[in-house]
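> Mind looking over this structure? Questions follow.
The values are calculated or read from the model by the stated rules, or taken from the named source; none is laboratory data. Not measured: the values here are computed from a predicted model. Every residue, glycine as well, gets a Cβ built from its backbone with ideal geometry; the counts of neighbours run over all protein chains shown.
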Amino acid sequence: MASDSLELLQGTLDVLVLRALVWGEMHGYAVSRWIRQRTDGVIEIEDAPLYKALHRLERAGSVEASWGLSENNRRARFYKLTAAGRRTLREEERAWRRYAEAVFKVLEPA
Amino acid sequence: MSRHFFRFPWRTRRQIGADVDEELRFHLDMRAAELRSLGMSPEAARAEAMRQFGDLDDARRYLNAVDRATEVAHQRTELMGDLRQDLVYALRKLGAAPAFTITVALTLALGIGANTAIFSVVHAVLLQPLPFFQPDRIVRMGFVYNGAPDAGAPPELNDFRTRSHTVRSFAMYSGASVNLVREGADPELLRGVRVSANWFRILGITAAHGRTFVDGEDLEGAARVAILSDAVWRRDFNADPAVVGRVIRLSGEQVTVIGVMPRDRAYPLTAELWLPLVFKTSELAQSRGSRYLSMIGRLAPGVSVAQAERELSQIGASLALEYPRFYRSLAIQPQPLQTAIVSDLERPLLVIMGAVAFVLLIACANVANLLLVRASARESEMAVRAALGAGRSRLARQLITETMLLSLLGALGGLLLARWGMTALLRLAPTSLPLVGAARLDPMTLGLTIVVAVVTGLVFGLIPAAQLGTDVATALRAGSRGVRSSHLTTRTRGGIVVAEVALAVTLLVGAGLLLRSFERLLSVDPGFRPDSVLTFRVSLPARSYESDTAQRMFVDALTPRLEALPGVRQAAVASVLPLDGSDLTLSFAIRGRPPVPPNEEPATQVLSATPGFFSAMGIPVVRGRLYTREAQPGTPKEIVVSRAFVQHFFPNEDPLGRYVDLGWYVDGDRRGGTIVGVVGDVKQVGLDQETPPMLYLPYAQAPQSNLRVLLRTHVPPSSLTKPAQAALRDIDGELPVFSIRPLGDYVTASIGPQRFYATLVTVFAIVALALAAIGLYGVIAYAVSQRAHELGVRLALGATGRRLAAMVIGEGLSLTLGGLVVGIVVAAAVSRVIGSLLFGVSALDPITIGAVLMVLLVVAALASYVPARRAARVDPLVAMRGD
């Protein structure tokens with residue numbers, strides 16, 4: 001049971017990260033901030049698993065990393081969605097929505 | 001895909017670690033700054049940032065591991081992508097220049113194919129161990145009897161068996177031709193060998209069917225048994241395993257077949273039948289003088305050949321002390337069996353291997369030249385690619401891919417050529433060369449081909465790669481015209497041509513010397529006229545022709561019957577034919593001279609022949625007369641000797657009328673006779689050998705059972721094959737006729753190996769010459785095309801086309817001359833190696849060297865002439881405008 005929830009969490013985090021990158025290149029810190037703002041602090045996400053997810057996605061070919069300059073002129077590692085990443089995101093989104101709708105159907109009073 | 005053109009350099013482990021650290025530091029700094037802006041103290045902000053991050057060390061480890069895997073994957077896909085790109089590009093480039101591609105591939109194919117074919121032969125003969133158990137422990141003994149190489153005598157087998165500790169077991173053998181008579185088939189003469197019973201145990205081979213000999217089967221009174229070779233078993237017994245145990249008729253005796261040997265695993269290699277070597281008790285008791293046996297042995301564990309030689313020769317010395325009546329001295333020279341079998345082939349094969357290696361070198365030099373020319377023609381292409389961001393190593397890899405592809409094409413062509421060449425080679429090879437027939441294109445030779453191809457690809461890919469200019473700007477400025485090839489590359493190319501010519505000269509000199517030797521050999525007078533004579537062998541079996549009378553009566557009946565055949569001018573019978581590798585050497589004494597100790601008697605080759613032999617062979621009478629048909633048993637014994645016999649034994653005396661006693665006793669009668677005549681010398685052993693002293697006995701007074709029949713004809717000799725066989729069958733239907741061939745075939749066969757070697761080396765020399773000419777042509781033609789501008793200026797300034805052509809040819813010739821000088825020096829050094837293969841020609845034969853110089857100069861002039869004509873026709877306007 002415990003390992004199941006971890007897997008779910010990991011998968012969830014991957015979707016969130018991919019979603020964050022839809023609008024363009026971002027460095028890791030920006031991704032972290034974007035997710036915090038969008039979840040209104042409802043989900044407390046540590047940064048360590050976030051970076052793990054970013055590098056794992058790079059290995060899988062969903063994102064591409066390159067060094068660039070941040071808004072305050074420091075060298076930062078920027079991440080960009082690849083075509084394969086966009087495809088993954090679409091599929092994951094669809095799966096999540098179907099899952100959530102199913103759960104809502106159960107919870108809604110008949 | 002963009003990574004291929006603008007990619008980041010590959011990251012090391014340390015760089016990955018540094019990148020991870022920098023990324024994490026950036027994150028923590030940003031988070032801390034954000035928290036500070038919310039009013040936190042710097043220390044608190046940093047601590048909070050750390051807390052929000054989570055397990056930093058664990059994350060760092062994880063990120064490092066993942067990034068390393070990512071990096072490896074990137075490198076791999078990039079390399080594969082590059083390779084595919086290189087291959088596609090190379091194929092396109094090679095396809096765009098088909099003339100270049102075909103020339104290079106064919107050149108390499110020639111070099112690789114010739115080497116593969118010859119190496120398979122070298123491998124089969126010299127490198128592949130004999131198919132016996134621990135073959136390097138088997139030795140063949142050479143006997144040195146009274147200071148001269150000789151064979152062994154029957155009692156010596158036991159002497160060595162009982163006295164030697166360095167050799168574990170000994171066996172003796174001698175050749176024995178036997179007639180095989182089968183129901184409903186022509187009788188047949190088989191090449192048999194008589195061997196000691198432990199023969200096959202020493203070799204360590206077993207029978208394919210049945211068994212080999214067991215102890216005691218070589219003792220007097222044992223049952224008669226025989227072992228068949230695979231070839232005879234298939235040819236005469238339909239490969240029927242049930243032949244084991246069957247009784248067959250061999251030379252009139254009933255013999256039981258006990259086994260069949262496997263194919264390719266038998267010794268002697270050409271034996272068709274093995275019989276036990278049985279010594280009669282009388283033979284063992286005293287016949288140390290009758291030396292006709294060969295001996296092999298297996299060394300005891302840990303004993304070297306040299307140790308065995310020392311011990312065996314000591315035993316020989318003590319035998320000489322014990323039996324002074326028979327020996328002046330006896331030494332034994334053991335030799336590893338393989339060495340003993342192939343020692344005659346080693347030198348020629350290595351020379352031929354050297355010749356093909358030269359061909360490969362010349363082929364490679366040519367390819368290098370072509371690649372250099374191509375590389376300088378592509379300098380601007382390379383410069384453009386470099387300017388667009390291709391690294392030097394990337395360009396080098398591209399070039400190497402191209403040449404590798406070329407060499408693989410060459411290897412493929414080479415394999416096809418080798419397969420075809422092997423067939424031709426095996427057909428050309430004389431059957432007298434041992435083991436050559438076993439040559440195959442096996443995995444070993446295939447492997448060698450591939451290695452050679454890969455190495456040539458690497459080496460010749462690197463040469464143009466090394467020429468890649470680093471100075472992109474200069475290359476680009478030179479524009480579409482391409483870069484003036486530097487002085488250095490011109491010199492490199494010139495050097496390559498000089499080397500090529502030198503190699504070709506060396507090969508041509510070697511081939512020329514071998515050809516001259518061969519021609520000398522052909523012009524040697526054998527002492528007889530080999531044309532228009534048909535010969536065949538008949539072996540009279542002891543069972544029905546045991547007595548001299550029976551043998552004589554057979555010959556008396558045969559000769560007139562053969563002479564009655566239409567087309568036959570004369571028929572004759574002799575015991576031995578010249579150049580057939582068999583002889584009978586006997587000691588003798590001249591009456592009236594002081595007696596000589598038994599072991600210091602002179603020896604001569606002895607031959608029994610009917611009186612017609614001399615005119616049938618065309619051997620002239622020099623002095624006196626021939627013996628006649630009147631020489632019969634009971635009449636005075638007469639003999640004829642050769643001129644060499646007189647020179648050796650009657651240097652200052654008249655031989656006619658002198659009486660010679662031979663060391664050949666039959667029923668208490670001693671053979672010999674009065675010399676009635678002297679005949680011309682005959683090359684008995686080989687055209688390149690001395691003529692030995694010969695003594696001829698009238699067949700009627702000294703009959704033998706192994707007969708050579710000669711028919712001098714006035715029709716083509718082969719047309720008499722059938723009638724002669726029929727005539728023989730009329731006399732005795734059980735006699736096989738064997739080795740039916742014109743006398744000329746013996747002459748041809750005796751120089752077969754020399755013909756083979758000379759042919760091979762000549763073929764390779766011609767290939768080398770052609771390749772060198774192509775190389776020279778390529779360099780001169782390229783130089784002319786590169787210098788079109790200069791030539792145009794010269795023309796505009798008044799030079800004539802003739803002058804320009806002469807200049808170009810002069811350049812070609814000067815390169816050739818350089819190669820000639822180097823080549824002659826190398827050839828002089830190398831020809832000493834082939835000295836032992838030459839006959840009647842010095843290794844520095846001026847005629848050969850002169851001819852080679854002429855040939856090369858003519859070829860070089862021709863190779864330069866074509867580009868020179870182009871130079872003479874340069875249009876000055878076009879040439880200068882084109883700049």
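> Can you name the strands (runs of 3 or more DSSP E) wholly within segment B:518-599 that have at least 1 residues being over 26 Å from residue B:734 (Cα atoms)?
Per the criteria, B:568-574, B:585-590.
> Are any of the residues in segment B:187-204 in contact with a helix residue (DSSP H, G or I) (Cβ under 9 Å, 6 or more places away or on another chain), more than 26 Å from residue B:540 (Cα to Cα) and crowded, with 18+ Cβ neighbours inside 10 Å?
Yes: one or more hits.
> Kindly indicate which of B:826, B:784, B:808 is surrounded by 15 or more Cβ atoms within 10 Å (Cβ to Cβ), within 19 Å of residue B:498 (Cβ to Cβ) and under 28 Å from the mean Cα position of the chain (by Cα).
Just one listed residue meets the conditions, B:826.
> So, in segment A:12-57, of the ones that are outside any helix (DSSP H, G or I), modelled with pLDDT under 90 and facing another protein chain (nearest Cβ under 10 Å), which residue ends up surrounded by the fewest Cβ atoms within 10 Å (Cβ to Cβ)?
Taking the candidates together, the pick is A:44.
> How many residues, within segment B:34-57, are aliphatic (A, V, I, L, M), within 9 Å of chain A (Cβ to nearest Cβ) and more than 13 Å from residue A:33 (Cβ to Cβ)?
1
> Restricting to segment B:58-81, name every residue that is facing chain A (nearest Cβ under 7 Å) and within 14 Å of residue A:58 (Cβ to Cβ).
Scanning segment B:58-81 gives B:62, B:63, B:66, B:67, B:69, B:70.
> Also: Does segment B:796-805 contain at least one residue that is closer than 30 Å to residue B:184 by Cα and small (Gly, Ala, Ser)?
No, segment B:796-805 contains no residue that is closer than 30 Å to residue B:184 by Cα and small (Gly, Ala, Ser).
> Let me ask another. Can you confirm whether residue B:291 is in contact (Cβ under 8 Å) with a residue 12 or more places away in the chain, loosely packed, with under 14 Cβ neighbours inside 10 Å and not in a helix (DSSP H, G or I)?
no
> What single numbered condition from (1) under 30 Å from residue B:857 (Cβ atoms); (2) in contact (Cβ under 8 Å) with a residue 40 or more places away in the chain fails to hold for residue B:719?
All conditions pass for residue B:719, except number (1).
> When you look at residue B:691, is it assigned to a loop (DSSP other than H, G, I, E, B), modelled with pLDDT of 85 or more, farther than 29 Å from residue B:180 by Cα and not small (Gly, Ala, Ser), yes or no?
Spelling it out, residue B:691 is indeed assigned to a loop (DSSP other than H, G, I, E, B), modelled with pLDDT of 85 or more, farther than 29 Å from residue B:180 by Cα and not small (Gly, Ala, Ser).
> Moving on to the next point. Scanning for something surrounded by 14 or more Cβ atoms within 10 Å (Cβ to Cβ), within 30 Å of residue B:456 (Cα to Cα) and not aliphatic (A, V, I, L, M), does segment B:60-78 turn up at least one residue?
Yes.
> Next question, about the same structure. So which of B:168, B:201, B:161 ends up being out of contact with any Cys (no Cβ under 6 Å at 6 or more places or on another chain), of a type outside the set (Val, Ile, Thr) and without any contact (Cβ under 8 Å) to a residue 12 or more places away in the chain? Walk me through it before giving the result.
Working: B:168 fails: without any contact (Cβ under 8 Å) to a residue 12 or more places away in the chain; B:201 fails: without any contact (Cβ under 8 Å) to a residue 12 or more places away in the chain.
Just one listed residue meets the conditions, B:161.
> With (1) modelled with pLDDT under 85; (2) closer than 27 Å to residue B:346 by Cβ; (3) buried (at least 20 other Cβ atoms within 10 Å of the Cβ) as the list, and residue B:863 as the residue in question, which single condition is left unmet?
(2)
> Can you report the number of residues in segment A:61-71 which are within 10 Å of chain B (Cβ to nearest Cβ) and among the hydroxyl-bearing types (Ser, Thr, Tyr)?
Within segment A:61-71, residues that are within 10 Å of chain B (Cβ to nearest Cβ) and among the hydroxyl-bearing types (Ser, Thr, Tyr) number 2.
> When only residues in segment B:441-473 that are of a type outside the set (A, V, I, L, M) and surrounded by fewer than 14 Cβ atoms within 10 Å (Cβ to Cβ) count, which is modelled with the highest pLDDT?
B:447
> Could you please find all residues in segment B:590-625 being more than 30 Å from residue B:148 (Cβ to Cβ), surrounded by 16 or more Cβ atoms within 10 Å (Cβ to Cβ) and among the β-branched types (Val, Ile, Thr)?
Residue satisfying the conditions is B:610 alone.
> In this structure, is residue B:797 among the aliphatic types (A, V, I, L, M) and surrounded by fewer than 14 Cβ atoms within 10 Å (Cβ to Cβ)? Reasoning before the result, please.
Values: among the aliphatic types (A, V, I, L, M): yes; surrounded by fewer than 14 Cβ atoms within 10 Å (Cβ to Cβ): yes.
It is true that residue B:797 is among the aliphatic types (A, V, I, L, M) and surrounded by fewer than 14 Cβ atoms within 10 Å (Cβ to Cβ).
> Let me ask another. Among residues belonging to segment B:614-640 that are in a helix (DSSP H, G or I) and either closer than 17 Å to residue B:701 by Cα or of a type in the set (A, V, I, L, M, F, W, C) (or both), point out the one that is nearest to the chain's Cα centre (by Cα).
B:617
> If you scan segment B:141-154, which residues turn out to be surrounded by fewer than 20 Cβ atoms within 10 Å (Cβ to Cβ) and out of contact with any Ser or Thr (no Cβ under 7 Å at 6 or more places or on another chain)?
Result: B:142, B:144, B:148, B:149, B:150.
> Taking interchain pairs and intrachain pairs at least six residues apart, which have beta carbon atoms under 8 angstrom, with the first residue in segment B:14-33 and more than 9 Å from chain A (Cβ to nearest Cβ) and part of a helix (DSSP H, G or I) and the second of a type in the set (S, T, N, Q) and surrounded by fewer than 20 Cβ atoms within 10 Å (Cβ to Cβ)?
Listed pairs, sorted by first residue: B:16/B:64; B:17/B:64.
> Of all residues in segment A:72-84, count the ones that are more than 22 Å from the chain's Cα centre (by Cα) and at the interface with chain B (Cβ under 10 Å from one of its Cβ atoms).
Total satisfying the criteria: 3.
> Here is a further query. Residues B:153, B:105: which one is under 30 Å from residue B:285 (Cβ atoms) and small (Gly, Ala, Ser)?
B:153
> Find all pairs meeting these conditions: Cβ atoms under 7 angstrom apart; at least six residues apart or on different chains; first residue within segment B:730-755 and under 15 Å from residue B:428 (Cα atoms); second residue part of a helix (DSSP H, G or I) and among the aromatic types (Phe, Trp, Tyr).
Once the first residue is under 15 Å from residue B:428 (Cα atoms) and sits in segment B:730-755, its partners that are part of a helix (DSSP H, G or I) and among the aromatic types (Phe, Trp, Tyr) give B:754/B:518; B:755/B:518.
> Regarding segment B:92-115, can at least one residue be identified that is within 14 Å of chain A (Cβ to nearest Cβ), in contact (Cβ under 8 Å) with a residue 24 or more places away in the chain and either in contact with a helix residue (DSSP H, G or I) (Cβ under 9 Å, 6 or more places away or on another chain) or surrounded by 12 or more Cβ atoms within 10 Å (Cβ to Cβ) (or both)?
Checked against the condition, which is being within 14 Å of chain A (Cβ to nearest Cβ), in contact (Cβ under 8 Å) with a residue 24 or more places away in the chain and either in contact with a helix residue (DSSP H, G or I) (Cβ under 9 Å, 6 or more places away or on another chain) or surrounded by 12 or more Cβ atoms within 10 Å (Cβ to Cβ) (or both), segment B:92-115 yields no hits at all.
> Determine whether segment B:208-221 contains at least one residue that is under 22 Å from residue B:236 (Cβ atoms) and acidic (Asp, Glu).
Within segment B:208-221 (the criterion being under 22 Å from residue B:236 (Cβ atoms) and acidic (Asp, Glu)), the answer is no, since none of the residues qualifies.
> Report, ordered by the first and then the second residue, all pairs with beta carbons closer than 6 Å, sequence separation of six or more or different chains, a first member in segment B:538-559 that is at positive phi, and a second member that is in a helix (DSSP H, G or I).
From residues that are at positive phi, there are no pairs.
> Within segment B:670-688, how many residues turn out to be in contact with a Phe, Trp or Tyr (Cβ under 6 Å, 6 or more places away or on another chain) and either of a type in the set (Ser, Thr, Tyr) or assigned to a loop (DSSP other than H, G, I, E, B) (or both)?
Residues meeting the conditions: 3.
> Any chance you could count how many residues in segment B:831-851 are part of a helix (DSSP H, G or I) and surrounded by fewer than 18 Cβ atoms within 10 Å (Cβ to Cβ)? Give the steps one after another, and end with the answer.
At the first step, the residues of segment B:831-851 found to be part of a helix (DSSP H, G or I) are B:831, B:835-837, B:846-851.
So of that shortlist, the ones also surrounded by fewer than 18 Cβ atoms within 10 Å (Cβ to Cβ) come out as B:835-836, B:846-847, B:850-851.
The number of residues fulfilling the criteria is 6.
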